[in-house]
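Have a look at the structure below before the remarks.
The values are calculated or read from the model by the stated rules, or taken from the named source; none is laboratory data. Please read these numbers as outputs of a predicted model, since none were measured by experiment. Quick reminder, even Gly has a Cβ in these numbers, built from the backbone with ideal geometry, and neighbours come from all protein chains shown. With ligands, DNA and RNA removed, areas are computed over all heavy atoms of the protein, side chains included. Shrake-Rupley method; radii C 1.70, N 1.55, O 1.52, S 1.80 Å.
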Amino acid sequence: NLAPYTINFEVMQTPDQVPPVITSFNPASGSPIKFKTSEKVISFKLNEPVECRWSFGDQDYSLMENNFSCDTTVTNYSVINGYSCNGILTGVTQNISETTSYYIRCKDQPWLEGNETDIYQRNPSPTSSIYNLRPSQQLLITEITPNGDLLLGRTVNNFTLTAKTSGGGFAGKAQCSWKLSYQNSSSVYAYFASTNSSTHTQIITNKTAAVYDINVKCTDEALNEVNQTASLNLMYDSSPPIISRIFNSKNTLKVFTDEPAICKFMQVASPLGCLFSILDPNSTLMYGTNSLEHTTPFKKGFLYLIKCQDYYQNENTICNFYDYKLV
């Protein structure tokens with residue numbers, strides 16, 4: 001509607017008889033704490049200014065031994081976002097199969113302390129809010145791959161860096177970052193493209209051939225941390241496969257290469273030079289793809305022009321010849 005309207009209200013002068021209410025905890029109840037620690041700073045929100053206490057047993061507010069630090073005055077920020085309390089809970093069990101329970105009670109209207117009357121009195125929580133904490137295991141990086149020697153090629157020039165985590169407070173779930181460094185070079189950590197789980201991956205491209213230190217560090221929501229380093233010897237294959245032997249065996253032409261490869265041939269009646277590439281649609285693929293031995297039925301009366309290409313698409317620049325007349 002276009003016309004403005006007015007809202008009138010007033011605050012009742014009757015006593016507040018409603019006890020305070022805890023609306024949320026941070027971290028949530030049941031959360032793990034850092035490995036080999038026995039205490040945790042927590043905070044929680046309430047619907048009004050309060051004073052709060054905690055104990056290991058369920059008892060009245062007046063009997064609880066430990067205090068929280070709380071918002072005790074009305075502010076515009078707190079009216080909108082809730083009133084905060086925070087403090088340190090101690091004595092968390094170290095038994096991984098157990099949890100520690102804490103009992104929390106609060107009392108509203110702190111400004112009435114020492115000034116209560118028969119009508120205006122503070123309201124304590126009638127029951128305890130139970131809050132639990134549990135220990136966590138050590139966070140571990142169980143795998144970093146690749147490590148050791150890694151061979152890439154002219155066209156295959158990227159690899160996937162993978163790290164795996166276990167333990168911690170969330171069964172290995174963590175956020176991890178990485179960096180590669182070599183020859184005292186400086187680099188900064190960057191988060192894995194895929195992380196916040198127990199497997200973390202990042203595609204690495206266009207790196208110079210060198211021996212790298214792979215540094216990985218991870219943190220989970222329980223504040224467990226772990227760092228680990230692996231070594232990577234990155235190399236590039238720029239050499240084509242070498243044909244070590246060619247011969248005819250019982251009308252089968254056999255070609256042997258010094259590394260796994262694919263080989264193709266063309267049959268010509270007379271020498272024409274090496275006029276085809278491995279991608280030439282007129283060439284014929286030999287049996288033995290990505291192996292060391294390559295074969296094809298042999299026909300007399302033809303000159304065989306043979307080319308081979310390895311996994312990294314390094315191709316012979318010249319042809320190998322097999323001429324039955326020369327055998």
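Residues that are surrounded by 13 or more Cβ atoms within 10 Å (Cβ to Cβ) and hydrophobic (A, V, I, L, M, F, W, C) were ranked within the stretch 75-97; the one that is nearest to the chain's Cα centre (by Cα) is VAL92. If only residues of the stretch 168-209 that are out of contact with any Ser or Thr (no Cβ under 9 Å at 6 or more places or on another chain) and part of a strand (DSSP E or B) are counted, the one that is surrounded by the most Cβ atoms within 10 Å (Cβ to Cβ) is TRP178. Under the condition of being without any contact (Cβ under 8 Å) to a residue 60 or more places away in the chain and part of a loop (DSSP other than H, G, I, E, B), which residue from the stretch 310-327 is least open to solvent (accessible area, probe 1.4 Å)? Ranking the candidates gives CYS319 first. Scanning the stretch 214-256 for residues that are farther than 30 Å from LYS34 by Cα and either open to solvent by less than 10 Å² (accessible area, probe 1.4 Å) or among the acidic types (Asp, Glu) (or both) returns LEU232, LEU234, ASP237, PRO241, LEU253, VAL255. Checking each residue in the stretch 284-314 for being modelled with pLDDT under 90 and more than 17 Å from THR257 (Cα to Cα) picks out LYS299, LYS300, GLY301, PHE302, LEU303. Where strands (runs of 3 or more DSSP E) fall wholly inside the stretch 66-139, the ranges with 1 or more residues that are among the acidic types (Asp, Glu) are 100-108. Quick check on the stretch 176-187. Is at least one of its residues under 30 Å from ASN26 (Cα atoms) and not small (Gly, Ala, Ser)? Yes: one or more hits.
Scan the stretch 270-309 for residues that are in a loop (DSSP other than H, G, I, E, B) and open to solvent by less than 90 Å² (accessible area, probe 1.4 Å) and the total you get is 14. Would the stretch 54-71 turn up any residue that is touching a Leu at 6+ places or on another chain (Cβ under 7 Å), farther than 19 Å from ASP108 by Cβ and open to solvent by less than 50 Å² (accessible area, probe 1.4 Å)? Scanning the stretch 54-71, I find no residue that is touching a Leu at 6+ places or on another chain (Cβ under 7 Å), farther than 19 Å from ASP108 by Cβ and open to solvent by less than 50 Å² (accessible area, probe 1.4 Å), so the answer is no.
Scanning the stretch 140-149 turns up at least one residue that is closer than 30 Å to ILE42 by Cα and open to solvent by less than 80 Å² (accessible area, probe 1.4 Å). For the stretch 155-167, enumerate the residues that are more than 30 Å from PRO135 (Cβ to Cβ) and either surrounded by 13 or more Cβ atoms within 10 Å (Cβ to Cβ) or at pLDDT 95 or above (or both). Scanning the stretch 155-167 gives VAL156, ASN157, PHE159, THR160, LEU161. Kindly check whether there is at least one residue in the stretch 42-50 that is touching a residue at least 60 places away in the same chain (Cβ under 8 Å) and acidic (Asp, Glu). Yes - at least one qualifying residue is present in the stretch 42-50. For the stretch 163-195, a residue qualifies if it is farther than 14 Å from ASN227 by Cβ, in contact (Cβ under 8 Å) with a residue 40 or more places away in the chain and among the polar types (S, T, N, Q), but none of them does.
How about the stretch 34-65: which of its residues are acidic (Asp, Glu) and not in a strand (DSSP E or B)?
Looking only at the stretch 34-65, we keep the residues that are acidic (Asp, Glu), and these are 39, 48, 51, 58, 60, 65.
Scanning the stretch 34-65 gives GLU39, GLU48, ASP58, ASP60, GLU65.
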